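Student: Next up is a structure, given as structure tokens.
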Amino acid sequence: MSEYWNPQMETMKKAELDEIKLKRIKAIVSYAYRNSQFYKELYDEMGVNPEDVKTYDDFRNKITLFRKDQIRDKRVETGDPFGTMLTIPPDQIERIHPSTGTTGAPTFTALTAEEVHVASEPCTRLAWMWKIRPGMRLLSAIHFVGFWGWWSTFLGVLTMNKLGLNTELIAYNAYLHLFGFPTARMSLGKFKGDWALLPPDTALACINEFAKMGKDPKDAIPGLKYVTSAGEAISPKHRKYLMEKFGLLDWFDAWGCSDPFTIAGECHVHDGLHAYSDYWTLELIDTETEELLGPGERGEIVVTNLWMRALPFIRFGTEDFGEQIDETCDCGRTHPRVKVYDRASWVVDVAGKKVSPFSLRLIMERHPETEEASFNIIKDAKKMNILKIKASYKEGITKDPEELKNRIAGDIKKELGVEAEIEWIPYEQLHKTLHKITRMVDLTKEG
């Protein structure tokens with residue numbers, strides 16, 4: 001059976017992909033300027049003429065980027081829930097999906113029926129990459145109910161039909177939080193899926209809840225073979241740990257940005273997430289200066305959706321922190337890959353150094369007592385002298401919590417170059433949203 005759903009497009013020569021990308025960039029920029037009040041005003045204010053975009057460098061240097069707060073401001077100013085971005089009459093909208101609201105008031109994405117159909121192609125490529133095959137039963141454990149609507153478009157009827165699956169087998173959506181865990185556990189155990197959509201923090205919550213019940217995750221969710229996770233980057237060590245706990249053949253990471261309806265996913269090589277450049281264009285910018293960055297550098301990810309017309313997103317700052325890889329993957333796919341680490345706003349300034357939760361996770365996971373990397377970074381000032389951490393450890397194997405604290409603080413000093421202050425607290429007392437651990441608790445915004 002082929003490695004690829006669409007071999008021609010997934011392994012296309014880079015020069016040919018670049019031609020397709022540039023053609024679609026020119027088309028979407030021109031279309032948005034002519035049909036969206038938001039883009040007409042934005043480009044006119046910046047003195048930008050879409051006709052000046054002749055090359056990809058023109059696009060990156062002449063077309064201004066924008067951010068979610070600009071949409072929110074337009075909503076307040078005009079009363080339009082789409083912030084004047086919409087290019088079609090509202091009665092032509094097939095689906096409306098909210099963002100998760102991670103960085104503020106949720107914004108909305110609108111799709112026509114035709115766009116839902118278009119989205120099914122890259123989604124099917126990813127589903128095939130994640131080893132979803134005809135006859136499988138799929139489970140979901142996304143804990144944001146509104147956000148499941150976003151995923152259901154990607155993993156919806158069109159994609160499932162393309163894969164030859166009976167869609168009656170996929171409607172078991174378990175929202176795993178403390179109030180609904182018994183129901184979720186029963187659903188996950190009863191329907192015995194082959195593949196599951198399961199965020200890493202939710203997986204840890206499952207492990208903890210199953211432990212209280214004296215159950216092994218392998219027995220609680222029997223027959224599970226593959227998992228795709230989203231919502232937080234997963235490290236190689238953490239992947240191995242979760243695969244062993246659930247008895248899996250593989251665990252794939254995915255990244256999605258709800259506003260520009262963008263998704264990227266890992267293949268079996270696990271060296272970055274494939275982002276299909278015939279559907280999306282990704283760039284990197286410096287988190288402070290917004291200067292363009294090159295491959296291998298780390299910065300904020302900027303997205304352009306090349307297929308959405310109802311609500312175009314052109315050079316949208318995602319507020320996600322990562323890096324891009326342009327080389328062909330060992331799996332043979334030629335499209336760019338992205339490694340997403342954290343929200344850009346979660347990167348804290350400690351003694352003049354930038355520290356991300358992901359870099360701290362890599363250190364915590366190396367120690368058996370904290371291999372689940374359950375922690376909060378506490379930001380109590382815009383610039384801090386000491387990295388402040390609240391974390392939990394495994395009581396059954398931790399002989400000396402003070403020694404463990406000194407050991408981890410020593411690694412942080414050696415690898416990140418900053419002093420650390422660690423406070424041990426029970427897992428239940430960590431700051432969370434439902435089961436999702438809040439990696440950076442910003443006290444500077446409280447009150």
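The values are calculated or read from the model by the stated rules, or taken from the named source; none is laboratory data. Because the structure is predicted, anything quoted here is derived from the model rather than measured. Because the Cβ atoms are built from the backbone with ideal geometry, glycine has one as well, and the counts that use them run over all protein chains shown.
Student: Looking only at region 101-115, decide whether some residue is aromatic (Phe, Trp, Tyr), modelled with pLDDT under 90 and part of a helix (DSSP H, G or I).
Tutor: So far as region 101-115 goes, no, none of its residues is aromatic (Phe, Trp, Tyr), modelled with pLDDT under 90 and part of a helix (DSSP H, G or I).
Student: Something else now. Check Leu249 against each of (1) at pLDDT 90 or above; (2) crowded, with 18+ Cβ neighbours inside 10 Å and name the one condition it does not meet.
Tutor: (2)
Student: One residue is enough: does region 232-244 have a residue meeting the conditions of a type in the set (Val, Ile, Thr), more than 28 Å from Ser374 (Cβ to Cβ) and in contact (Cβ under 8 Å) with a residue 12 or more places away in the chain?
Tutor: No.
Student: With (1) under 30 Å from Trp280 (Cα atoms); (2) crowded, with 20+ Cβ neighbours inside 10 Å; (3) at pLDDT 90 or above; (4) not small (Gly, Ala, Ser) as the list, and Leu362 as the residue in question, which single condition is left unmet?
Tutor: Exception for Leu362: condition (2).
Student: Right, here's the next one. Determine whether region 71-79 contains at least one residue that is within 24 Å of the chain's Cα centre (by Cα), closer than 22 Å to Ser258 by Cα and in a helix (DSSP H, G or I).
Tutor: yes
Student: Looking for something surrounded by fewer than 17 Cβ atoms within 10 Å (Cβ to Cβ) and within 18 Å of Val355 (Cβ to Cβ) - is there at least one such residue anywhere in region 389-409?
Tutor: No, region 389-409 contains no residue that is surrounded by fewer than 17 Cβ atoms within 10 Å (Cβ to Cβ) and within 18 Å of Val355 (Cβ to Cβ).
Student: Applying the selection to region 412-447, what residues are part of a helix (DSSP H, G or I) and within 28 Å of the chain's Cα centre (by Cα)? It would help to see each step written out before you state the result.
Tutor: Taking region 412-447 first, the residues part of a helix (DSSP H, G or I) are 412-416, 427-429, 443-445.
The answer is Ile412, Glu415, Leu416, Tyr427, Glu428, Gln429, Leu443, Thr444, Lys445.
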